[in-house]
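See structure below.
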Amino acid sequence: MADGAGARRTGIALISLATVCFSVLDASAKWLVRDLPVVEVVWLRFVSHVVLMALILAPRYGGEIVRMRNPRAHLLRGAMLACMTAMNFWALQYLQLAETAAIQFSVPVLIAVMSAYLLRERLSLQRWAAIFAGFAGVMLVIRPGSQAFHPALLLSVINAVLYAAFNLLTRRLAATESPFALQLVSAFVAALALAPFALAQWQWPTSPVVWGVVLLTGLMGGLGHLLVAIAHRYGSAAILGPFLYQQILYMTLWGWLLFHQVPDAFVIAGAVVVVLSGLYLLWLEFRRQ
């Protein structure tokens, strides 16, 4: 990992750009699933991801973009990526972008819990307080039993749990695998796994604009994951983590501009609590390091 203030600024710039990419990806997917089957949109997202990233990276890096030291882990990561994206895109049919973003940002809280039970890490009282606060924030967003509750919110919660496990796996692989293989091989595995389901429900996109948005999802997904992988070469998770939260601002903006959706007070309050709890956990990690 590179060191120094300049390296940290580079990492922060890369992670900030990645949040823009991911917000555009989700907004594009929400726009596409209005007219196309969800599994087709997910599949096209990964197919376009693989094709575009291969065309961009192969001329310069050659075989490095698919060189693997742990193929089984890449297969598992690809299967997880396919499941996560499918659940996220399905939930986006029914939920606001701000709602899915607020739940997604419980991932640092979930990682802390998983680290305690799976990696046998001891958590301090401050960490447990942040974890409980984070879950309280999620409850404000989903409000089970109220009229605002939609079953798709539970799917978004499951997606967040799976994404936390995905992050733990990625951190372990980042020490030995290239950032190019991490984002490209997993996308190829996901595209391969989803192909039979997507082709069984295939509907031809109706206009060049739809095809353009499909390509945009692949470009934003591939570029976003690549930027995250490279950013972690310039800064630790404790330094870069807080800057991931700016994505919720972009998600809210796209929701307002494209879908005329404005989150209510409970979603905003829940998002604030989730973000603050995650930032506090990252601050505790930074202080420990």
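The values are calculated or read from the model by the stated rules, or taken from the named source; none is laboratory data. The shown structure was predicted, so the numbers you read here are calculated from the model rather than taken from an experiment. Counting neighbours? That spans all protein chains shown, and the Cβs are built from the backbone with ideal geometry, glycine included.
Applying the selection to the stretch 221-262, what residues are closer than 24 Å to L168 by Cβ, among the β-branched types (V, I, T) and either free of Cβ contacts under 8 Å to residues at least 60 places away in the same chain or surrounded by 21 or more Cβ atoms within 10 Å (Cβ to Cβ) (or both)? Listed by number, the residues that qualify are V228, I248.
A quick yes/no check of all residues on (1) within 18 Å of the chain's Cα centre (by Cα); (2) touching a residue at least 40 places away in the same chain (Cβ under 8 Å):
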site	(1), (2)
L52	no, yes
R67	no, yes
C83	yes, yes
T100	yes, yes
V109	yes, yes
S115	no, yes
A129	no, no
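The set of residues in the stretch 171-190 being of a type outside the set (K, R), assigned to a helix (DSSP H, G or I) and either surrounded by fewer than 19 Cβ atoms within 10 Å (Cβ to Cβ) or out of contact with any Ser or Thr (no Cβ under 8 Å at 6 or more places or on another chain) (or both) consists of L173, A174, P179, F180, A181, Q183, L184, V185, S186, A187, F188, V189. Could you list all residues from the stretch 6-33 that are of a type in the set (D, E, K, R) and either modelled with pLDDT under 90 or touching a Phe, Trp or Tyr at 6+ places or on another chain (Cβ under 6 Å) (or both)? R8, R9 - these are the residues of the stretch 6-33 that are of a type in the set (D, E, K, R) and either modelled with pLDDT under 90 or touching a Phe, Trp or Tyr at 6+ places or on another chain (Cβ under 6 Å) (or both).
With respect to R9, determine if the residue is surrounded by fewer than 16 Cβ atoms within 10 Å (Cβ to Cβ), closer than 28 Å to P205 by Cβ and over 17 Å from the mean Cα position of the chain (by Cα). Criteria not met by R9. For the criterion of being in contact with an Asp or Glu (Cβ under 9 Å, 6 or more places away or on another chain), within 30 Å of G255 (Cα to Cα) and at pLDDT below 90, L153 passes.
Going by the conditions given, is A265 surrounded by fewer than 20 Cβ atoms within 10 Å (Cβ to Cβ) and of a type in the set (A, V, I, L, M)? Judged against the criteria, A265 is a match.
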